[in-house]
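The values are calculated or read from the model by the stated rules, or taken from the named source; none is laboratory data. Model, not experiment: these values are computed from the prediction. Cβ placement follows ideal geometry from the backbone for every residue including glycine, while neighbour counts extend to all protein chains displayed. These area figures cover heavy atoms from the full protein model, side chains too; ligands, DNA and RNA do not enter into them. Shrake-Rupley method; radii C 1.70, N 1.55, O 1.52, S 1.80 Å.
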Amino acid sequence: MNEIRNKYNLITILGPTASGKTTLATHFCHSTDGEIISADSRQVYRKMDLGTGKDIAEYQIKGKHIPYHLIDIAEPGYKYNVYEFQKHFVEAFNSIHSRNKIPVLCGGSGLYIEAVIKGYELISVPENIELRNDLEKKSFDELASILKTYRPLHNQTDTCNLKRLLRAIEIEEYMSRKKTDYSNFPIIDNIIFGVRFPRQQERLRITDRLKSRLKEGLIDEVKGLLDSGVAVTDMLYYGLEYKWVTLYLIDQVDYNTMFEKLNTAIHQFAKRQMTWFRKMERTGLTIHWIDGNLPLNTKLEIMVDTIRK
């Protein structure tokens, strides 16, 4: 363990959905006395288990509990964001190191992973109702001119519609009045591993897993959330399983349509994940890819050998 800690202060294990990254991460933690920091944008929500693939049982290995962080920390219906994730990551990261453990970042949300590995300077900008009331009295051209007083309009998407333009001015006004201190953000010395299967095999794994989760009670899970008062609009916001099962439960689609649309959506999601990971590589991050078909012990040996190099 000390050998790992002396070289890296964070181990990252990423991969598309259904790649087996959680299994690899928990077993790595079991053998190195590590702790998991989840990098999944939906596993933060309580009572959203099957649809987010928490697989909590995998955090028990040979009678030993593998500690995890950033899972079940928000109520369903809440809009968790990458800024909050970055803040919570730092808290978990520092806590794990204070106990001389190894933090292992594990997940498939590329934005969340990059936000902490690269230390993006993010800030949560609240709505300024008074400012908005004043701005809404002005014409679109006047608003564009106001935004230009803060900065050149290199990003034309800020002026593509009124809503984005108002938000851009709101952010710039906030930033002009508040200085953000990122001096406490840890310097990350990180090594990244990725798990993936050949494309066709990945597709089969995704479909098989969806069938299993439906049998395990995915529909009941979504129904329970709706019955508890989580709004339909919030369920649709969470996407994928929660969107399509909700549409089925409110009679917008039949079961077969729900399954087919959801299955396709998850395949598309996995493709977007891989696109993001390739972008990470193009921008200078090295991902050590491991064949998902290899035996678990071989995967662990590859990780340890790579870390020792």
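Among the residues of segment 252-261, is there at least one that is in contact (Cβ under 8 Å) with a residue 60 or more places away in the chain and open to solvent by 60 Å² or more (accessible area, probe 1.4 Å)?
No - not one qualifying residue is present in segment 252-261.
With part of a strand (DSSP E or B), surrounded by fewer than 22 Cβ atoms within 10 Å (Cβ to Cβ) and of a type outside the set (Val, Ile, Thr) as the only criterion, which of Glu35, Glu84, Glu58 stands out?
Unique residue meeting the criteria: Glu35.
I'm checking my understanding of the structure. Among residues of segment 220-273 that are more than 24 Å from Arg46 (Cβ to Cβ) and among the β-branched types (Val, Ile, Thr), which one is nearest to the chain's Cα centre (by Cα)?
Here the answer is Thr264.
Could you please let me know if Ile290 is part of a helix (DSSP H, G or I), among the β-branched types (Val, Ile, Thr), in contact (Cβ under 8 Å) with a residue 60 or more places away in the chain and closer than 21 Å to Thr32 by Cα?
no
Out of curiosity, is Val44 farther than 20 Å from Phe193 by Cβ and open to solvent by 10 Å² or more (accessible area, probe 1.4 Å)?
Details: farther than 20 Å from Phe193 by Cβ: yes; open to solvent by 10 Å² or more (accessible area, probe 1.4 Å): no.
No: the conditions fail for Val44.
Return the pairs, sorted by first residue and then second, in which the second residue is assigned to a loop (DSSP other than H, G, I, E, B) and modelled with pLDDT under 90, the first residue lies in segment 97-123 and is over 15 Å from Ile66 (Cβ atoms), the beta carbons are less than 6 Å apart, and the residues are 6+ apart or on different chains.
Every condition considered, the pairs that remain are Gly119/Phe185; Glu121/Tyr182; Ile123/Thr180.
Let's see how each residue does on (1) in contact with a helix residue (DSSP H, G or I) (Cβ under 6 Å, 6 or more places away or on another chain); (2) closer than 30 Å to Lys309 by Cα:
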| position | (1), (2) |
| --- | --- |
| Asn6 | no, yes |
| Pro16 | yes, yes |
| Thr26 | yes, yes |
| Glu58 | yes, yes |
| Pro67 | no, yes |
| Asn81 | no, no |
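Any idea which residue in segment 209-219 is farthest from the chain's Cα centre (by Cα), counting only those that are without any contact (Cβ under 8 Å) to a residue 40 or more places away in the chain and open to solvent by 70 Å² or more (accessible area, probe 1.4 Å)? Show your work before the answer.
Applying the first criterion (without any contact (Cβ under 8 Å) to a residue 40 or more places away in the chain) to segment 209-219 yields 211-212, 215, 219.
Right, trim to open to solvent by 70 Å² or more (accessible area, probe 1.4 Å) and you get 211, 215.
On the way: Lys211: 23, Lys215: 25 Å.
Residue satisfying both the conditions and the ranking: Lys215.
Just to be sure I understand, how many residues within segment 91-107 are surrounded by fewer than 15 Cβ atoms within 10 Å (Cβ to Cβ), assigned to a helix (DSSP H, G or I) and not polar (S, T, N, Q)?
Of the residues in segment 91-107, 1 are surrounded by fewer than 15 Cβ atoms within 10 Å (Cβ to Cβ), assigned to a helix (DSSP H, G or I) and not polar (S, T, N, Q).
Checking the conditions here, which among Met274, Met258 is out of contact with any helix residue (DSSP H, G or I) (no Cβ under 6 Å at 6 or more places or on another chain), at pLDDT 95 or above and of a type in the set (A, V, I, L, M, F, W, C)?
Met274
Among Thr12, Thr52, which is outside any loop (DSSP other than H, G, I, E, B) and among the hydroxyl-bearing types (Ser, Thr, Tyr)?
Thr12
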